[in-house]
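Worksheet: one structure, shown below.
The values are calculated or read from the model by the stated rules, or taken from the named source; none is laboratory data. Predicted model, so just to flag it, every value in this text is computed and none were measured. No Cβ is skipped: glycine too gets one built from the backbone with ideal geometry, and neighbour counts run over all protein chains shown. Remember, those area values only see protein heavy atoms, side chains included, never the ligands or the DNA or RNA. Shrake-Rupley method; radii C 1.70, N 1.55, O 1.52, S 1.80 Å.
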Amino acid sequence: MDPALSPQPFAYLSAPKAELYGQVLGVFAQARARFIVHLRPEDVAGELRHAADAVVAGVPVDAVGGALEQLVAWGNLRADADTGRVTSVEDFHRARYLYQLTRYGQAALRAVALYEEALGQRGQLQSVALADIAEQLGSLLALAEQDDPDPVKAHLLLLQLADRFGSLADNAQAFMASLRRTIDFQDGDEDAFIAYKDRLVEYIERFIADLANRGAQIADLIDRLEGAGVARLLLAAARREATDAVPAGDGDGGEAAEQARATALTAAHTGWENRWRGLTDWFLSRSSRRPSQAKLLRGAAVSAITALVNTVAALNERRGGRTDRSADFRALARFFAEAPDDASAHRLWRAAFALTPARHLTVDAVTEAVWQDADLPPATPWREAPPLEISPRLRETGSYERRGAPNRVADRASARQALAEQVEREAEQTAAARARLATDGPVLLSAIAGPDGLDAQEFRLFLTVLSDALSARMPGESESSAITGDGTMEIRLKLVDAERVVEIQTVDGVLSGPEHVVEIIDLAPTGDTA
């Protein structure tokens, strides 16, 4: 490649012989995977002849050589003089080259491969990855609780954790995108979609349950790691990565090496802190207005199930012969085509689209104030109520709007702040009720309320978890357990005596029912008040 020219490693993608150039570069990529650095033109041609889909089968080496020279010009390959097989003066003067991939060519191949992989990736909801992340966090917690943790173990565990978490996040994003395409019928026909729906809904529901269970466990481990000093482990991993930093070419040798290590340490430490923050944001909610990514994914999965069910219902209605909007518009078009004259078409237009001229009466602020001051009951007849003042401008101009500058835009910042504070208060009340209902172990149902009974928030939350447990009980069974839909509470219920009726005092009244042994576990991690 001419040093004066900048490399263009992606130029081959839009060249006339793009397929040939791609296959030549593919030969170099396969050779590099076999730890072969240099290839001769005849080697490349031989590999292409053995390829089943090669476009250059039977093409002489000179034609392949032209492609190699062009790839050298673009910067994908580097050509070095081949003097290993020179046996005469004529051979020495004949141009012979060994070719190898440049760093630009390697980067272009990786980018194209990653692009093609992303386009073809459908993604998956990795329940196994959740279990692996929980196990790796448990190992990190055990390491963080040591006085002198091993930096090698910490680094390896963090590398495995980052790899597993990155795979979980990327696959979840790809799956939700492919799921939206499936719902929009971009990936299949209607018959296949209906047959696939039940399996897909079951798959999503299973992941939602796993995410609720494992997500709470992972959030608890993250919170405990924060308290145990995970920052030490992140710094130890960054120091280990900075050990092999390459010193700069200028300056004193020892000083340059030290400066290179310091720069590499800062970059590595910042990278590990960002990865850890991403992990915590994925499983921990910072506030009611900043829910965790796991909670958002759970909500998106639930919405996807609803969309799937609604789509299938619409398909079934369409197959059952029920009318839809497209059929209505086709019938309306036929009516317009059959209209005897333009006047009839205009009447049909007004009737179909409700475009009949009308003047609508509006109530201004003065009239509203008069009505409020009069304190009129809803059944007051119009003739007995204060009259509605209508501006003469409506009759004169056909418009009620006054000329002039428009009204100022209302500032709703205070209303939004009040609404945010209300949401925050409700989240805190729910968290307090959740903590109040959580038991240290199995207790009798009659003792769940204590001497003071349950307030309104606690009673509503208790009814929610109790109904989940009772709904999960199969006929003939005496024990059941369930996890709430948001994954914050687990209840375990066991019938003691169906004949013994107990009462629970609440501010809304008395709840009575058979005596049970109940255990309520708070699964929400510290700081998750949503």
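Using θ = phi - 60° and the Karplus relation 6.51 cos²θ - 1.76 cosθ + 1.60, list the HN-Hα couplings for the stretch 436-452 in order, rounded to whole Hz, with x at every Gly or Pro.
For the stretch 436-452, the Karplus curve yields 5, 7, 4, 9, 6, x, x, 9, 6, 4, 5, 9, 5, 8, x, x, 8 Hz.
Between beta-carbons, use under 15 Å as the cut-off and find the net charge around Ala345, counting Lys and Arg +1, Asp and Glu -1.
On the way: positive: Arg334, Arg347, Arg350; negative: Glu338, Asp341, Asp342.
So the environment of Ala345 carries a net charge of 0.
Amide H of Ala482 versus every other amide H placed in the peptide plane: which residues, excluding those fewer than 5 positions away on the same chain, fall under 5 Å?
Placed amide hydrogens put Ile491 under 5 Å from Ala482.
Among the lysines, which have Cα under 28 Å from the Cα of Lys197 when same-chain residues fewer than 8 positions away are ignored?
Lys295
By how many nm would the segment from Ser446 to Ser167 lengthen if fully extended, with 0.36 nm per residue of separation less the alpha-carbon distance? Write out the running numbers ahead of the final one.
Working: separation 279, 0.36 × 279 = 100.44 nm, distance 4.73 nm.
Value of the extension gain: 95.7 nm.
Mind giving me the nanometre distance, one decimal, between the label points for Ala438 and Glu226, set 7 Å out from Cα along Cα→Cβ?
1.5
Would you tell me the accessible area of His346, worked out with a 1.4 angstrom probe on the heavy atoms of the protein chains, in Å² to the nearest 10?
110
Residue by residue through the stretch 24-32, what is 3J(HN,Hα) from phi via Karplus (6.51 cos²θ - 1.76 cosθ + 1.60, θ = phi - 60°)? Round to whole Hz and write x for glycine and proline.
5, 5, x, 4, 5, 5, 5, 5, 5
Heavy atoms only, 1.4 Å probe, whole protein assembly: order Tyr21, Tyr104 by accessible area, highest first.
Tyr104, Tyr21
Evaluate the distance, in nm, between pseudo-label points positioned 7 Å from the Cα of Ala351 and of Ala374 along their respective Cα→Cβ axes.
4.0
Going from most exposed to least, what order do Arg383, Arg40 have by accessible area with a 1.4 Å probe?
Arg383, Arg40
Between Leu159 and Ala73, what is 0.36 nm times their sequence separation minus the Cα-Cα distance? Round to one decimal in nm.
Answer, rounded to one decimal: 27.1 nm.
Would you mind checking which residues have amide H under 5 Å from Ser292's amide H? H placed 1.01 Å from N; only 5 or more apart, or other chain.
Those qualifying (amide H under 5 Å, at least 5 residues apart or on another chain) are Ser285, Arg286.
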